[in-house]
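Quick one: the structure is below, questions incoming.
The values are calculated or read from the model by the stated rules, or taken from the named source; none is laboratory data. Since the structure is predicted, the reported quantities are computational estimates derived from the model, not experimental observations. Because the Cβ atoms are built from the backbone with ideal geometry, glycine has one as well, and the counts that use them run over all protein chains shown. Areas reflect the complete protein model, heavy atoms only, side chains present, ligands, DNA and RNA absent. Shrake-Rupley method; radii C 1.70, N 1.55, O 1.52, S 1.80 Å.
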Amino acid sequence: MINTIHYKSPLGNILLASKDNKLIGAWFEGQKYYMSNVSEDLTEKADEMLLKTIDWLDRYFDGEKPSIKELNLEPQGSDFRCEVWKILCEIPYGKTATYGDIASKIAENRGIEKMSAQAVGGAVGHNPISIIIPCHRVIGSDNSLCGYAGGLDRKSFLLNHENSIFHNF
């Protein structure tokens, strides 16, 4: 059973989901790939993980910089997607990375010459834990705000909220 609760953010409602006291989802209502990794029954129940997540988000939107490590995250996806999401968690608050930066890091980690930035983009777009796994911090190689499943207006808001500096992490 997956526990869910709705969170009212400055950017609209976010559905939070947990299973076995691990956060598995945080989706803006109506975003692309909304709940695409969920196949189990849902129940509206505020468990300990969801309450911690609400506190984390409240502090984030209040201008604090809560650590990702405060939450027990378990996004569901392929090994490649999970590898990309793990790298996203390394992008510091207020900084950005390009899809190419992430592709280069994966290639280096795997000991291969090259990784597709487009494949990275697909994984970033399917991130099931918006804001907390900071896919909004990934930008185009020309510093453009390309791609964000929650919408470019939200991505812009989040980057401005963090006073982001558009350079590599």
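For the range 73-169, run through the GluC sites (Glu not before Pro) and keep only the ones in DSSP coil with at most 11 other Cβ atoms within 10 Å of their Cβ.
Listed in order of number, the matching sites are GLU113.
Calculate, in nm to one decimal, what GLU108 and ASP62 gain on full extension: separation in residues at 0.36 nm each, minus their alpha carbon distance.
Details: separation 46, 0.36 × 46 = 16.56 nm, distance 3.66 nm.
Here the segment from GLU108 to ASP62 would lengthen by 12.9 nm.
Measure nothing fancy, just the Cα-based angle from helix 79-88's long axis to the longest principal axis of the chain, in degrees from 0 to 90, nearest 10.
90 degrees
Now a separate question. How much of the DSSP beta bridge set in the chain is antiparallel, as a percent to the nearest 5? Don't skip to the end; give the middle numbers.
Working: 13 of 21 bridges.
Percentage antiparallel, nearest 5: 60.
Taking the Cα centre of the range 14-71 as origin, work out the dipole magnitude from +1 charges on Lys and Arg Cβ and -1 charges on Asp and Glu Cβ, in debye rounded to 20.
The calculated dipole for the range 14-71 is roughly 260 debye.
Picking from ALA46, PRO92, TYR34, whose Cα lies most toward the positive end of the charge dipole for the range 10-154 (charges on Cβ: Lys, Arg +1; Asp, Glu -1)?
PRO92
Which GluC sites (Glu not before Pro) in the range 5-65 pass both tests, a DSSP loop state and at most 15 other beta-carbon atoms within 10 Å?
Hits after loop and neighbour filter: GLU29, GLU40, GLU64.
Right, here's the next one. If one computes the Cα centroid of the range 108-169 and of the range 18-38, what distance in Å separates the two points?
Using only Cα atoms, the two centres lie 18 Å from each other.
Counting helices only, and only those DSSP H runs with n ≥ 4, report the 222 nm mean residue ellipticity of the chain as the sum of -39,500 (n - 2.57) divided by its residues, in deg cm²/dmol to the nearest 500.
Value at 222 nm, helices only, nearest 500: -10000 deg cm²/dmol.
With a cut-off of at most 11 other beta carbons within 10 Å, and DSSP calling the residue loop, which trypsin sites (Lys or Arg not before Pro) in the range 82-169 qualify? Please list them.
Passing sites in the range 82-169 are LYS114.
Please give the contour-minus-distance gain from LEU145 to GLN76: 0.36 nm per residue of separation, less the Cα-Cα distance, rounded to one decimal in nm.
Full extension of this stretch gives 22.3 nm more.
Roll a 1.4 angstrom probe over the protein heavy atoms and tell me the percent of accessible area of the chain that is carbon or sulfur.
Details: 3890 of 8300 Å².
Looking at the chain in its full context, I get 47 percent from C and S.
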